[in-house]
Amino acid sequence: MPNLRRLAWPIVVSLAAGSLTVIVATVSVAKEIGGIPSLTAVLVISTGVFGAVIARGLLNLLRVKEVEARGFALGVASHGIGTARAFQVSDEMGAFAELGMGLNGVFTAFVVTGLVASFIALALTRFERDQPALRAQCRQRSR
C-alpha cells in the first residue's frame, strides 16, 4: 500500500472518490472536495471494466448462485458497466445491480465527503493547538 502522506491531496481525494459511478464521482464529489475529476473518471471506468470482466469467475469461485446477490455485487463493485453486464444476463440481475449501484453511490458520497470534512477539521484543530508552539519556535530561530 502506498504511503498516502506522500501523495498530493488532490490525488488522495481522487482515489477516495473512485468507488462511485463516473458522474457522481467526478461532478459531485471529486470537484467539491478538491480532487482531480479526470483522474477519478479513469479510476472509476477502470474499476468498472475490471469488475465486469472478472465478476462471473469470482462469484462462481465464491459459490454465489443467487441472481439477486450476483446483481447487487456487480452494481456495487462495477458501477454502470457491471450493471450493463448484469442486464445481459437477466432483467432481475440488472435490477439488483441498479439497486446496488444507487445505494453505493449515495452511501459513498456521504462517507467520502464526511471523511474529508473530518480530516480537514482534525488538521485545523491540530494546527490551532500547535500554533503557539510554532510561534515560539519561530521566535527562537529568528534570534
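The values are calculated or read from the model by the stated rules, or taken from the named source; none is laboratory data. None of the values given here were measured: they were computed from a predicted structure. So basically every Cβ, Gly included, is an ideal-geometry build from the backbone, and we count neighbours across all protein chains shown.
What the table below lists for this structure:
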quantity	calculated
Residues of segment 99-115 classified as over 18 Å from LEU58 (Cα atoms) and without any contact (Cβ under 8 Å) to a residue 40 or more places away in the chain, total	8
Cβ-Cβ under 6 Å pairs, at least 6 apart or on other chains, segment 77-98 side free of Cβ contacts under 8 Å to residues at least 40 places away in the same chain, far side β-branched (Val, Ile, Thr) and not in a loop (DSSP other than H, G, I, E, B)	ILE81/VAL49; GLU92/VAL67; MET93/VAL67; ALA97/THR83; GLU98/THR83
Odd one out for ALA55, checked against (1) under 20 Å from MET101 (Cα atoms); (2) modelled with pLDDT under 80; (3) of a type in the set (A, V, I, L, M)	(2)
Output for segment 18-52, where each listed residue is assigned to a helix (DSSP H, G or I) and modelled with pLDDT under 65	GLY18, SER19, VAL22, ILE23, VAL24, ALA25, THR26, VAL27, SER28, VAL29, ALA30
Residue selected from segment 76-111 under the condition touching a Leu at 6+ places or on another chain (Cβ under 8 Å), within 16 Å of GLY51 (Cβ to Cβ) and small (Gly, Ala, Ser), by the criterion surrounded by the fewest Cβ atoms within 10 Å (Cβ to Cβ)	GLY105
